[in-house]
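Below is one structure, written out as structure tokens; the observations come after it.
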């Protein structure tokens with residue numbers, strides 16, 4: 001239960017009586033545009049004195065961080081507990097998702113490699129290396145007999161999968177169906193002189209039950225060609241585009257040896273594609289397999305069109321519970337942020353009206369000091385976690401179906417959740433110095449990056465056009481972007497230079513050297529150093545307490561610091577306030593020492609601020625004393 005202070009406004013001495021004139025008209029204005037209508041003297045009636053005291057107390061308490069409120073009252077903020085509980089649950093949710101997805105993806109990739117060795121004739125492990133640097137060319141075919149022999153080999157090996165496979169794969173259907181689809185362009189040779197319009201090739205699909213096919217029908221490439229022709233899949237290689245083979249396999253029971261000791265089975269939908277889209281005489285063959293978790297009873301005799309259902313396991317139950325916790329915690333956090341945002345906006349409107357009515361001042365530029373921008377980060381993280389948890393609950397049977405969407409939602413949501421906790425680092429001055437340095441350097445970095453990007457793209461376009469035909473790193477626009485950015489970071493420079501040698505022509509050889517030398521020298525020694533200098537200058541400004549501060553913020557601090565008269569201020573006073581403001585991270589840090597004396601005016605709840613029922617008891621329903629158009633006892637609710 002929040003701690004309540006026992007002293008009341010009737011018994012505590014008024015701090016405002018110690019300072020009779022709150023605005024000194026003998027001093028020059030601090031900001032003429034802001035203080036042009038400053039009244040020379042504050043009305044010191046009893047109602048106004050209590051109103052000023054209570055608003056000052058509310059502002060002092062409002063600008064304290066959760067850590068400062070805990071130090072002051074000894075009560076821990078509920079919203080802070082929710083945030084720390086949320087980061088634990090969300091992180092655990094992401095760890096579970098990442099572990100499961102990485103295990104499933106790794107299993108699917110290894111199974112895909114096994115399928116390629118089973119169904120591709122002459123498959124070599126060199127094809128399984130990373131794209132760069134390539135150890136060999138693509139897996140393709142260049143003659144008619146090679147193409148039909150590859151089809152024959154794939155069909156024969158699929159028909160013998162149960163006896164050949166080391167993993168014990170079985171057919172999802174006892175008839176061993178294979179769906180073959182052929183896509184070919186329409187004959188448009190007589191229209192080429194009129195228009196160069198190519199329609200999308202239609203797909204002709206046939207389902208072949210290999211159980212009813214004899215071995216001699218697909219024994220070699222001639223028999224395979226005749227077999228496809230008899231099935232209505234006649235290939236005209238002059239307009240042939242794609243041919244695909246699709247079939248399904250059921251894995252054996254996979255026994256997990258980790259914490260849940262569960263057993264899982266998967267159905268693999270194998271897709272073999274023979275692609276002639278380049279129409280260069282090279283037909284490229286690829287194989288992909290999508291694993292889908294199924295009940296382990298789905299073996300022989302089960303129809304392929306039956307929709308598989310996921311088996312309930314301990315792992316799935318744990319995921320379900322954690323997803324529900326993450327959803328509910330993020331929903332509560334989102335509600336608390338909504339209350340805090342609306343409360344800050346109401347207090348900002350009330351403070352503006354108060355200063356305008358009592359002092360003739362117009363406060364401006366302080367909206368985001370009342371409506372904390374960190375809360376928008378929290379709201380964004382909560383929204384992503386709620387969406388990700390909902391999608392994960394919907395696809396609880398098989399998260400691989402929506403793996404990409406889940407990875408974006410949960411990954412970015414966890415990123416924002418962790419970043420939002422940075423607002424509690426006021427416990428350590430050094431970490432807060434880092435955040436303030438980043439905040440101070442962002443405007444300068446954005447302006448600098450705008451110029452640097454123009455210079456960067458000035459190099460990207462000619463590199464793509466000129467070096468692309470001679471270097472695979474510059475073959476496409478995106479690869480050129482990535483290659484030049486890698487060169488800025490010193491990645492693989494020698495290979496980039498060595499790929500274009502003098503055998504490709506002395507002109508392109510010299511141009512590539514000069515071009516890359518100029519680019520690397522300019523960006524590494526000039527652009528990057530200026531980038532670092534901007535950050536270093538921002539760090540020096542933050543450490544020395546230098547930098548601009550809004551005039552309204554200075555006035556508000558002086559209003560909260562009750563012992564400092566609210567005067568227009570001389571130049572010397574403004575300079576002191578500017579230095580004090582920039583050296584403290586928030587208003588709460590500047591006025592935390594004042595709150596202990598101010599709370600005697602009004603009782604304070606840890607999460608809700610001053611108690612309106614006691615603080616504004618002197619006003620009653622007097623219509624002559626209103627804040628933001630209503631009685632002060634109802635003006636603050638956050």
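Working from label points 7 Å from Cα in the Cα-to-Cβ sense, the residue 212 to residue 439 distance is 7.4 nm. Here segment 439-505 is treated as a sphere whose radius is the Kirkwood value from Cα pairs; by Stokes-Einstein at 10 °C and 1.306 mPa s it diffuses with a coefficient of 119 µm²/s. Under the simplified labelling scheme, the residue 402-residue 521 pair shows an inter-label distance of 5.5 nm, with each label point 7 Å from Cα along Cα→Cβ.
Listed from fewest to most Cβ neighbours within 10 Å, the set 54, 451, 265, 337 follows the order 451, 265, 337, 54. Using only alpha-carbon positions in segment 428-544, the gyration tensor eigenvalues give semi-axes of 37, 13, 12 Å once each is multiplied by 5 and square-rooted (largest first).
Ranked by how many other Cβ atoms sit within 10 Å of their own Cβ, fewest first, the residues 369, 75, 382 fall in the order 75, 369, 382. On full extension, the segment bounded by residue 269 and residue 222 gains 14.1 nm, given 0.36 nm per residue less the C-alpha separation. Shown is the FRET efficiency for residue 117 and residue 286, computed with R0 = 22 Å from the Cβ-Cβ distance and rounded to the nearest 0.05: 0.95. Neighbour counts of other Cβ atoms within 10 Å put 483, 387 in the fewest-to-most order 387, 483.
So if each residue of separation counts as 0.36 nm, and I subtract the Cα-Cα distance between residue 142 and residue 461, what length gain in nm does that give?
Result for the pair: 111.4 nm of gain on full extension.
Spin-label pair residue 170-residue 454: with each label point 7 Å from Cα along the Cα-Cβ axis, the two points sit 6.8 nm from one another.
Values in this text are rule-based calculations from the coordinates and carry no lab data. Just so we're clear, the structure is a prediction, and the values are computed from it rather than from any experiment. Note that each Cβ is placed from the backbone with ideal geometry, even for glycine, and that neighbours are counted across all protein chains shown.
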